[in-house]
1. Could you please find all residues in the range 1-33 being modelled with pLDDT of 90 or more, in a strand (DSSP E or B) and either among the hydrophobic types (A, V, I, L, M, F, W, C) or surrounded by 13 or more Cβ atoms within 10 Å (Cβ to Cβ) (or both)?
2. Take the conditions surrounded by fewer than 17 Cβ atoms within 10 Å (Cβ to Cβ), within 22 Å of residue 4 (Cβ to Cβ) and not acidic (Asp, Glu) and apply them to residue 138. Does it pass?
3. Since residue 38 meets every condition but one in (1) touching a Cys at 6+ places or on another chain (Cβ under 9 Å); (2) surrounded by fewer than 19 Cβ atoms within 10 Å (Cβ to Cβ); (3) not small (Gly, Ala, Ser), which condition does it not meet?
4. Which residues, counting only those in the range 109-147, are closer than 30 Å to residue 57 by Cα and touching a helix residue (DSSP H, G or I) at 6+ places or on another chain (Cβ under 8 Å)?
5. Take the range 88-105 and flag every residue that is more than 15 Å from residue 69 (Cβ to Cβ), exposed (fewer than 14 other Cβ atoms within 10 Å of the Cβ) and modelled with pLDDT of 95 or more.
6. Restricting attention to the range 34-75, which residues are part of a strand (DSSP E or B) and on the phi > 0 side of the Ramachandran plot?
7. Go through the range 106-128 and count every residue that is exposed (fewer than 11 other Cβ atoms within 10 Å of the Cβ) and not in a loop (DSSP other than H, G, I, E, B).
8. Can you tell me which residue in the range 76-105 is nearest to residue 14 (Cα to Cα), limited to those that are free of Cβ contacts under 8 Å to residues at least 60 places away in the same chain and in a loop (DSSP other than H, G, I, E, B)?
Amino acid sequence: MTSHVYRGFEVRSDRFYHHDTNLWALPVGDDIVRVGLDALGLEVNGTLAQLTLVEPPCRVVEGDPIGSLEAEKYVGALAAPLAGTILRTNDHLVRDVTQLYAGCYEAWLVEMATEPGALDHLVTPDEALEDFTKRVEAFRAAGVLAW
């Protein structure tokens, strides 16, 4: 696994990313992925207060809510970055959402069973740094990030 840092934000090249949701998907087995919040998503949401996640098993399509997040700058649904069946949720993270600050790439939200090809529309590990750079600059241009 390679890790890159752009303007203070870590991006890992061992996983796929959803461009619009700031969520990552890490394959952990045959058609099984873990989904979590990336470093940019953690920053732009502000101080985290509460996380709720759907009750597994739960079938979702891309864009369906997998839970909700309450934070300083955002209150609302977390949208599924891909279709599948949620098998497990990270109950430790639900009890203490601040664990995301200790490592957003270790603190996964849900574990999902997916269909073959479900990752095809996501940003690939090879494209991750370039896409992440574009997202950071877009947030800077919009005034969401200060520097």
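The values are calculated or read from the model by the stated rules, or taken from the named source; none is laboratory data. These numbers were taken from a predicted model, which means no experiment stands behind them. Glycine also receives a Cβ, built like all others from the backbone with ideal geometry; neighbour counts cover every protein chain displayed.
1. Correct list: 12, 16, 17, 18, 23, 24, 25, 26, 27, 28, 32, 33.
2. Working: surrounded by fewer than 17 Cβ atoms within 10 Å (Cβ to Cβ): yes; within 22 Å of residue 4 (Cβ to Cβ): yes; not acidic (Asp, Glu): yes.
The answer is yes for residue 138.
3. (2)
4. Let us first name the residues in the range 109-147 that are closer than 30 Å to residue 57 by Cα, namely 109-125, 128.
Passing the criteria: 109, 123.
5. Our first condition is that a residue be more than 15 Å from residue 69 (Cβ to Cβ); within the range 88-105, this holds for 88, 91-92, 102-103, 105.
After this cut, where a residue has to be exposed (fewer than 14 other Cβ atoms within 10 Å of the Cβ) as well, the list is 91-92, 102-103.
Across the range 88-105, the qualifying residues are 91, 92.
6. Residues of the range 34-75 part of a strand (DSSP E or B): 34-37, 48-53, 58-60, 65-71, 75.
Listed by number, the list holds a single entry, 67.
7. Residues that pass the stated criteria total 1.
8. Ranking the qualifying residues of the range 76-105, first place goes to 103.
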